[in-house]
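Peer 1: Okay, handing you the structure first.
Nothing in this text is a laboratory measurement; each read-out follows from the coordinates by a stated rule. All figures in this text were calculated on a predicted structure; none of them were measured in a lab. Here Cβ is always computed from backbone atoms with ideal geometry, including for glycine, and neighbour counts include all displayed protein chains.
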Amino acid sequence: MSQIPTIKQVRAYTLKGGGADYHDQADGHWIDDHIATANGQVPRVPPEPPQLWHQCAGHPGGRDRGQRRQCRLCRHHRAASPQPISSRSTWHAFWKAQGHRHRAHLDQMYWSTLYYGRKGIVINTISGVDLALWDLLGKVRGEPVHQLLGGAVRDELQFYATGARPDLAQKMGFIGGKMPLHYGPAEGEEGLRRNLEELATMRERVGPDFWLMLDCWMSLDLNYATRLAQGAQAHGLNGLKRHCRPMTTGAMRPSRRTCPPHAGDHREHEATRWGFRQLLEMGCCDIIQPDVGWCGGITELLKISALADAHQALVIPHGSSVYSYHFVATRHNSPFAEFLMMAPRPTRLCRCSTRSCWASRCLCKAACACRHWTSPALVWS
């Protein structure tokens, strides 16, 4: 092996402009259509574009102050580390029970931000550092990350598509589709009726065997979610994703009892093994969808997955593209993955430059600067 480099500094940058972040898109993107959001329960408040909503929430990759705060967190808490972290010690971190630098660094960031962190932008930042360390480890070892996680258990990944047109996604070869819910509780009975009509139309287009879901953007209350799910049973709804706000965990158990199987909130906005442990122990979810860029990184996702496996729940990571794909390839309780339709119009797959679109790197076999994150075993064809 060549000389082992030493991590001397962690740098964080603010990026702008489309690509893999579908909350950072130009006007006219399907994600900016009339979509129900967390303000959907408030009368006379127009549905705000989801990209604006996520920018205000500090979504990684957004165009707000969130990224600058993440950069500051990264610089401040990394600077407090007593000594550099070598790649060699990072490698040993994953195979030894103690004495490793990788976990110690992440623990340092987590515990030192405990009084204002635990979730949200702080864990987003820690997730980015964790992914960067796995990235470095793959380069040092000259191996794809899925191999570092124990090796692939399947030769090919299957995907469902998140976008405005599941019927077009079906023709592209996806096994399912998740489309946005357009009307929330504040839009009353008329909005509910139109939601069910749109679902009925899409089910007619895709047939009975295609996995069809609704993305509710945390816009519903328990009563509306129950009525929507029960009305949608006639149209074969397979999932009602993130219908409740993140803090309403207690409302998830009754909704799970009254909704169709697998229709419950999948909670991509939860973080760390402690957050997901509560959901699993309360029996709130059949499926959980941690985002590898939000939940604490791959290191934390491995622990979350182990908890889910013990509770016989599936783990289908939210978005996060190539990073979660390497995880999915190595886990039996992650049978398929999510693919975000990044093109402004849902009539084609996005073939952006590889510098800005993680997903296209795996899908269209474009040249990839991060080759250790890609592998022929992970290419969807």
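Peer 1: Two decimals, Cα atoms only, Kirkwood Rh: what is Rg/Rh over region 142-254?
Peer 2: We get a ratio of 1.08 for region 142-254.
Peer 1: How would you rank 129, 145, going from fewest to most other Cβ atoms within 10 Å of each one's own Cβ?
Peer 2: Fewest to most other Cβ atoms nearby, the residues stand as 129, 145.
Peer 1: Ok, one more. Answer with one residue from 179, 225, 157: the one whose Cα lies farthest towards the positive end of the charge dipole of region 138-227, charges on Cβ with Lys, Arg +1 and Asp, Glu -1.
Peer 2: 157
Peer 1: Going by C-beta contacts inside 10 Å, put 34, 235 in order with the fewest on the left.
Peer 2: 34, 235
Peer 1: Provide 178, 139, 8, 119 in ascending order of the number of other Cβ atoms located within 10 Å of each residue's Cβ, fewest first.
Peer 2: 8, 139, 119, 178
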